[in-house]
Amino acid sequence: MRTAFPLPVRLAFYTPSSAGLRIYFPPRSYSGPLVRVSNLNFVKKMSTSTEAAATAGEPAPPSDGGGEQGDAIVQYVVLRRDLVDTWPLGSIVSQGCHASVAAIWSHRDHPDTAAYCSESNIDSMHKVTLEVKGETQLRNLSEKLEAGRIEHKLWIEQPENIPTCLATRPYPKSQVASSFKKLKLCK
């Protein structure tokens, strides 16, 4: 079966630092010719994104502006697990969104935030959503992050004055991952 795809083809590749699947989305303004593909070959793992691009005959994807070569810029969002029992899911998701946007807006002039929100990265942002048991653990985490000078926003829902979640500003993963290694992924 032959399928027509506009070039450049979207690439999926692994990066050594993030150990996860990354997808490169070329600019949407591409208006080149269609190419017929009769056999798709899937690559399980490649050592670099440049190698993946070279294999497919495409230009290398843009750097995500991390501190080290290939160090992904991520934003950590931490939610309170105990709220799941009493709050609607949509409300909890909204709390995480509020904290995320507030952290990004508060640090909009920081180079890591600019890289995270850049046009070349906007369709491939990395967020890690974690959970803590309750309010005490959330406040303790906030204090730990302040002591480690990790910039973040502790979201306090008003008018109830309830701390519901926190979000960091975007950071290269290698700079902040150790502060969150004891927390569970939010499920």
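Filtering segment 118-158 down to residues that are closer than 18 Å to ALA72 by Cβ and free of Cβ contacts under 8 Å to residues at least 24 places away in the same chain, which residue is surrounded by the fewest Cβ atoms within 10 Å (Cβ to Cβ)? Result: GLU119.
Residues are listed down the side, and each one gets a yes or a no for (1) more than 26 Å from LYS182 (Cβ to Cβ); (2) assigned to a loop (DSSP other than H, G, I, E, B); (3) under 16 Å from the mean Cα position of the chain (by Cα); (4) not assigned by TED's automatic domain parsing to the domain that holds TYR171:
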| site | (1), (2), (3), (4) |
| --- | --- |
| GLY96 | no, no, yes, no |
| ILE104 | no, no, yes, no |
| ASP109 | yes, yes, no, no |
| ASP123 | yes, no, yes, no |
| ILE150 | no, yes, no, no |
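Select from segment 166-187 the residues that are surrounded by 10 or more Cβ atoms within 10 Å (Cβ to Cβ) and assigned to a strand (DSSP E or B) and list them in ascending order. Within segment 166-187, LEU166, ALA167, THR168, TYR171, PRO172, LYS184 meet the criteria. GLN75 meets all of the listed conditions (1) assigned to a strand (DSSP E or B); (2) in contact with a Cys (Cβ under 7 Å, 6 or more places away or on another chain) but one, namely (2).
Screening GLY66 against (1) at pLDDT 95 or above; (2) touching a strand residue (DSSP E or B) at 6+ places or on another chain (Cβ under 8 Å); (3) within 17 Å of GLU151 (Cα to Cα) leaves a single unmet condition, (1).
Filter segment 125-147 down to the residues that are assigned to a loop (DSSP other than H, G, I, E, B) and over 13 Å from the mean Cα position of the chain (by Cα), then identify the one that is nearest to PRO159 (Cα to Cα). In this case the residue turns out to be GLY134.
VAL84 satisfies every condition listed in (1) over 15 Å from CYS165 (Cβ atoms); (2) modelled with pLDDT under 95 except (1).
The values are calculated or read from the model by the stated rules, or taken from the named source; none is laboratory data. Just so it is clear, the structure is predicted and the values come from calculations on it, not from any experiment. Ideal geometry is used to build each Cβ from the backbone, glycine not excepted, and the neighbour counts take in all protein chains shown.
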